[in-house]
1. Anything in segment 64-110 that is more than 16 Å from residue 6 (Cβ to Cβ), of a type in the set (Val, Ile, Thr) and open to solvent by 60 Å² or more (accessible area, probe 1.4 Å)? List them, or say none.
2. Just checking, how many residues over segment 15-62 are surrounded by 14 or more Cβ atoms within 10 Å (Cβ to Cβ), under 23 Å from residue 93 (Cβ atoms) and of a type in the set (D, E, K, R)?
Amino acid sequence: MSIPFWCIFISALLIFIAKAPLARAMNQEGGSYDNHHPRAQQARLTGFGARALAAHQNSFEAFPLFAVAVLMAHVTQSSGWLVDWLAVIFVITRVLYLVFYWADLHWQRSVVWMVGMVCTLLIMLTPAMR
């Protein structure tokens with residue numbers, strides 16, 4: 001499997017990794033995780049719990065665009081060292097994004113989000129650079 005495809009896999013795992021702190025925050029809110037009405041419980045979260053929810057949701061939002069970008073590069077046979085590096089940098093930014101969101105480091109989070117988005121868009125443009 002290619003490096004960009006591994007990066008898609010890791011990015012998918014990060015969605016579920018981002019759920020762990022959210023589940024912990026939900027468990028602390030109200031004394032237990034409300035599996036009957038988890039979205040209502042999530043809506044009541046504040047502080048760390050609200051940030052954990054937002055980080056988890058953003059992981060879902062970032063994943064499809066990145067996966068499509070990698071698949072565009074693959075289908076057009078534009079894969080190569082540039083796509084490999086951009087995909088790895090994207091994954092690194094997503095890990096940092098989660099950590100920065102959980103730690104409430106807002107401007108750092110925004111910077112790594114932007115770097116990750118630029119990587120995704122550049123991967124999408126690699127077919128045009130051939």
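The values are calculated or read from the model by the stated rules, or taken from the named source; none is laboratory data. On a predicted model such as this, the values are computed, not experimentally measured, just so you know. Note that we place each Cβ from the backbone using ideal geometry, even for glycine, and neighbour counts take in every protein chain shown. For the accessible areas, the whole protein counts, side chains as well, though only heavy atoms, and no ligand, DNA or RNA atoms are used. Shrake-Rupley method; radii C 1.70, N 1.55, O 1.52, S 1.80 Å.
1. 68, 75, 99
2. 2
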